[in-house]
Amino acid sequence: MPEVRAMAEKLNVGGQGSPFAPEEAEILGVADLTALEKLFKLRLTGGRSLGHAPGQFVEVSVPGFGEAPISICSSPTQREIFELCVRKAGTVTAALHGLKAGDRIGVRGPMGRGFDVEEMAGNDMLFVAGGLGLAPLRSLINYVFDRRERFGKVWILYGAKTPQELLFTNEFDAWRKQPGTELMLTVDRPDENWRGTAGVITVLFRKLPKVDPKRTYVAVVGPPVMYKFVLLETLSLKIPRNRIFCSLERHMRCGVGRCGHCQINNVYVCKEGPVFRFSQMESLPESFA
Amino acid sequence: MERVVTAKDLAALADDMLRAGRTVAGPVRRKERYFYEAVSRGADLAFDFNYCVYSPRSFFFPPGETLLTYSIGTNELNVAPEAPRTSPVIMGVHPCDCNAIGLLDAVFGSGVPDDHYLARRKDSVVVAVDCHGPCDPTAFCRDMGGNEAQEGFDVMLTPLNGGKGQAAERYLAAAATERGRELLAYNKVGKEPARADRDAAEKFREAKAANFSRRLPYAVEKLPAILDRSYNSLLWQVTAKRCYSCGSCNLVCPTCYCFTVKDVPDLSCASGKRVREWDGCQLQDFATVAGGHNFRPESSSRLRHRIFRKGKWIKEQQGRMGCVGCGRCDRACTAKISVVEIYTQLAEEA
Ligand SMILES: Cc1cc2nc3c(=O)[nH]c(=O)nc-3n(C[C@H](O)[C@H](O)[C@H](O)COP(=O)(O)OP(=O)(O)OC[C@H]3O[C@@H](n4cnc5c(N)ncnc54)[C@H](O)[C@@H]3O)c2cc1C
Ligand code: SF4
Ligand code: SF4
Ligand code: FES
């Protein structure tokens, strides 16, 4: 009789309940950011603070419509509330767009791994955001500004398709007023009122003042096509690969490393990501798919 | 605990379990083929089958199951998790499928435990029946180590007669777990084994070892390294050209556990349920996100993904091979894409 390795008796039947059971959250306010994106201000009705790290996400539930992973776009320094910036992209996100203050939704999380803010502290920060990528980065940007004395210079490079698609424009002035901070914008397709830079995000690197590669951390979030080009730029700045962080979007169905949808090579983005170091991504060819 | 049981004893035991209110399932003959099905009488169970078309995973991880129920339209979030209540007794599981159950136990029991799976698995009893040789020419379980049950069963039945086309009538039933002992103690099924019975079981195992041969030209321990060297092989494209992306290989695989989750409102739209359904990494849109970007748009990248999971990544994550060599995917594939052939060809070029 062969030795039975893991007897079913030892199965970890947790009674922790379903990993799919959401917590209730109340919508405190909804604001239009663009034609497609809305900002939701939320609070867990159980009174618990979400307690996330910048870069983490939640699975948002709208019963009858489903679940979708959404980055937390507020800084963890705001303990009582959290914010989500949601683009209307399909079933769940459209249902969210139909909700108003006072409505309740479901939330699971925070999930995944965010940016390592402790390691970043004491250094200069270069943020590179494309389109909706500014949402997860805003959490880190506002965290850095809330702990301004712990960080050095800050550069924010942000690109969108058109001026109308720029997110969080009402916060730009506050960011610019921060000491040692530069906000640089570009749009692919300017209109007659646009007086800033035109072109894809990489053009902003031409205008970037000299960065000290020994004391700079980079955080990049944008659409898949953006990464290769931006990473080449950051590499030519000679910033070490383990100090370049990217957040990867993938199809997600469970958020707990099981459904298989978010996998890149042997790694589950929902568990080990969505934030990865470039040094890690190099051994995961599918992260550039 | 060991007992000697006849096929009749096993049928009677199944009837006892049914009377005790348990769900009993096992191989059932449908025309020329066998399927795992819930039965209403023990006599319908076949212990002397070649293979079952589908694996028994559906009893623990059903093709579709309700995770939550909810009501819609109320201001409050009104969601209740669904707790499965059936923990089946499955009688007649071959070693490959036992090992696959062991893998699923590890997958659903580790990390954030999945109580939906575990609730079904918790009080289940798996009665394995040993096989005397490859159940089909497509099987390569000997290479994968799948033909010796390591885990995922409570009782092992070793045939004491039959073989070579003859149905076995007597088995040595050996309990491997406490639940297995409980099952065999139930109504004191069968009788105490005699010396001759143990000898017959030993003879069966010797014959079994001789009946299986390797199909891979190398030991499976080398497979992860071979795959590592083959990530950019042209073989993925050459082979995947034939793939229809139908997902049949995923459907029949005892170790596939990818799924999707979706909401199904009822007709009144006042309430509904969130359901989990099997999904397959070979399907075209498995890695597509909203907006339409597909991270694995080519069938070659999807084929490579499946083969790497089965031959390397699951082993790294769960300490067990992600493939037990049952041969089901080969049989299911209309394009004649064969895992064992891919493993062999990769070694030739690596
Ligand atoms: C970690 C992470 C963070 C994210 N953060 C944000 C955020 O902060 N804000 C935000 O707005 N979005 C964010 N997203 C994206 C967001 O999750 C998706 O937009 C959302 O899941 C869409 O769900 P839906 O039900 O609205 O769309 P649906 O249209 O229902 O899409 C749901 C699924 O349908 C499938 N699908 C979509 N299009 C196609 C197609 N063309 N062909 C086949 N199948 C298709 C996809 O598999 C998709 O996942 C994030 C995603 C991830 C993974
Ligand atoms: S069964 Fe064959 S054709 Fe269908 S997806 Fe699998 S490999 Fe492709
Ligand atoms: S990959 Fe094929 S041979 Fe391996 S366990 Fe799955 S169905 Fe069986
Ligand atoms: S979302 Fe299911 S494994 Fe990551």
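Things to note:
- Taking the listed residues B:Val129, B:Val89, the one that is hydrophobic (A, V, I, L, M, F, W, C) and touching a His at 6+ places or on another chain (Cβ under 7 Å) is B:Val129, with no other qualifying.
- One residue from A:Gly66, A:Gly106, A:Gly112, A:Gly102 being touching a Pro at 6+ places or on another chain (Cβ under 8 Å) and within 12 Å of chain B (Cβ to nearest Cβ): A:Gly106
- Test: residue in the stretch A:212-223 that is within 15 Å of ligand 1 (Cβ to nearest atom), surrounded by fewer than 16 Cβ atoms within 10 Å (Cβ to Cβ) and farther than 30 Å from B:Gly109 by Cα: yes
- Tally, over the stretch B:144-167, of residues that are touching a Leu at 6+ places or on another chain (Cβ under 7 Å) and either of a type in the set (Ser, Thr, Tyr) or modelled with pLDDT under 95 (or both): 2
- Meets criteria (assigned to a loop (DSSP other than H, G, I, E, B), more than 10 Å from chain A (Cβ to nearest Cβ) and among the polar types (S, T, N, Q)) for B:Ser58: no
- Some residue of the stretch B:332-344 being buried (at least 17 other Cβ atoms within 10 Å of the Cβ) and within 27 Å of B:Glu65 (Cα to Cα): yes
- The stretch B:302-335, subset of a type in the set (A, V, I, L, M) and in a loop (DSSP other than H, G, I, E, B), residue nearest to ligand 4 (Cβ to nearest atom): B:Met321
- Number of residues in the stretch B:274-301 that are part of a loop (DSSP other than H, G, I, E, B) and more than 8 Å from chain A (Cβ to nearest Cβ): the value is 8.
- Residues located in the stretch B:21-36, provided they are in contact with a helix residue (DSSP H, G or I) (Cβ under 9 Å, 6 or more places away or on another chain) and over 22 Å from B:Met156 (Cβ atoms): B:Arg29
- Given (1) within 14 Å of chain A (Cβ to nearest Cβ); (2) more than 26 Å from A:Lys88 (Cβ to Cβ), number of the condition B:Cys269 does not satisfy: (2)
- Residue in the stretch A:163-172 that is more than 16 Å from ligand 3 (Cβ to nearest atom), closer than 23 Å to A:Phe40 by Cβ and of a type in the set (Ser, Thr, Tyr) present: yes
- Between B:Asn232, B:Asn294, the distinction of being over 23 Å from B:Phe61 (Cα atoms) and touching a strand residue (DSSP E or B) at 6+ places or on another chain (Cβ under 7 Å) belongs to B:Asn294 only.
- Checking each residue in the stretch A:249-269 for being more than 16 Å from ligand 3 (Cβ to nearest atom), assigned to a loop (DSSP other than H, G, I, E, B) and out of contact with any helix residue (DSSP H, G or I) (no Cβ under 6 Å at 6 or more places or on another chain) picks out A:Glu249, A:His251, A:Arg253, A:Cys254, A:Val256, A:Arg258, A:Cys259, A:His261.
- Those residues of the stretch B:266-292 which are free of Cβ contacts under 8 Å to residues at least 60 places away in the same chain and either of a type in the set (Lys, Arg) or away from ligand 4 (no atom under 16 Å from the Cβ) (or both), in sequence order: B:Asp266, B:Leu267, B:Ser268, B:Gln282, B:Gln284, B:Gly291, B:Gly292
- Wholly enclosed strands (runs of 3 or more DSSP E) of the stretch B:84-181 bearing at least 3 residues facing another protein chain (nearest Cβ under 10 Å): B:170-175
- Single residue of A:Val269, A:Val221, A:Val256 found to be away from ligand 4 (no atom under 16 Å from the Cβ) and among the β-branched types (Val, Ile, Thr): A:Val221
- Residue selected from the stretch A:245-289 under the condition more than 18 Å from the chain's Cα centre (by Cα) and acidic (Asp, Glu), by the criterion nearest to ligand 1 (Cβ to nearest atom): A:Glu286
- Only one entry in B:Val39, B:Val53, B:Val4 is in contact (Cβ under 8 Å) with a residue 60 or more places away in the chain, in contact with a strand residue (DSSP E or B) (Cβ under 7 Å, 6 or more places away or on another chain), of a type outside the set (Asp, Glu) and crowded, with 16+ Cβ neighbours inside 10 Å, namely B:Val4.
- Considering residues of the stretch B:117-146 that are surrounded by fewer than 24 Cβ atoms within 10 Å (Cβ to Cβ) and farther than 30 Å from B:Thr334 by Cα only, the residue nearest to ligand 2 (Cβ to nearest atom): B:Arg120
- Any hit, the stretch A:186-197, residues being under 30 Å from A:Glu24 (Cβ atoms), surrounded by fewer than 21 Cβ atoms within 10 Å (Cβ to Cβ) and of a type in the set (Lys, Arg): no
The values are calculated or read from the model by the stated rules, or taken from the named source; none is laboratory data. Here the structure is a predicted model, which is why all the values come from computation and not from measurement. When we count neighbours, we look across all protein chains shown, and the Cβ atoms used for this are built from the backbone with ideal geometry, even at glycine.
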